[in-house]
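Please read the structure below before turning to the comments.
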Amino acid sequence: MQEKTVESLQHPKVKYLVRLRKEKIFRREEKKVLITGYKMVEELFQKKIEVEALFVEKNFDFQARGACKEKYLLSKEALKKITGVVEPEPVAALVPLPDFVDLGKASRILVLDSL
């Protein structure tokens, strides 16, 4: 896996990820979602979920513990822009959007909100 460095906020990959984060319709069309945070990305690798691209802040040492097609080293500003978080964790991953499951025929559903 080759590492690519992205510093510009105008880079096409940054623009693509911002659009993916902001537009629900675009996420569904692309069938992809951005997962942010060290623990969440670690879980992706533990559960052997396909990671299309890994985004890591330049000065953060993170080794992928599983398969990943691409790895990008980002400036902190680029990471802020793609995640939409003021102080983002230094790791994010692009993964396929899970298939929706029809729960209309389920006999029981448990919904937890604001725990």
Gap separating the Cα centres of region 78-115 and region 19-54, nearest whole Å: 8 Å
The chain: relative contact order in percent, alpha carbon pairs under 8 Å with at least 6 residues between: 35 percent
Dipole moment magnitude, nearest 20 debye, region 32-115 about Cα centre, only Lys, Arg, Asp, Glu C-beta charged: 120 debye
Heavy atoms of Phe60 accessible to a 1.4 Å probe, total area in Å² rounded to 10: 80 Å²
The chain: radius of gyration and largest Cα-Cα distance (Dmax), Å: 15.5, 50
Inter-probe distance in nm under a simple model that places probes 7 Å from Cα toward Cβ, at Lys47 and Phe62: 1.7 nm
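Less than 10 Å Cβ to Cβ from Arg27, Lys/Arg counted +1 and Asp/Glu -1: what total charge do the surrounding residues give? All intermediate terms of the calculation are to be shown ahead of the outcome.
Numbers: positive: Arg19, Arg21, Lys22, Lys24, Arg28, Lys31, Lys32; negative: Glu23, Glu29, Glu30.
Summing Lys and Arg as +1 and Asp and Glu as -1 gives +4.
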DSSP bridge pairs, the chain: antiparallel proportion in percent, nearest 5: 45 percent
Label-point separation in nm, Glu3 to Met40, each point 7 Å along Cα→Cβ: 2.3 nm
Folded to 0 to 90 degrees: helix 12-22 orientation relative to the chain principal axis, Cα: 30 degrees
Sum of side-chain charges, Leu54 neighbourhood, beta-carbon under 11 Å (Lys, Arg +1; Asp, Glu -1): +1
Solvent exposure ordering (accessible area, 1.4 Å, most first) of Leu94, Leu103: Leu103, Leu94
Region 48-88, relative contact order [Cα under 8 Å, separation at least 6], %: 39 percent
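The values are calculated or read from the model by the stated rules, or taken from the named source; none is laboratory data. Keep in mind that this is a model prediction, so the values were computed, not measured. As a convention, Cβ positions derive from the backbone with ideal geometry for all residues, glycine included, and neighbour counts pool all protein chains shown. Areas reflect the complete protein model, heavy atoms only, side chains present, ligands, DNA and RNA absent. Shrake-Rupley method; radii C 1.70, N 1.55, O 1.52, S 1.80 Å.
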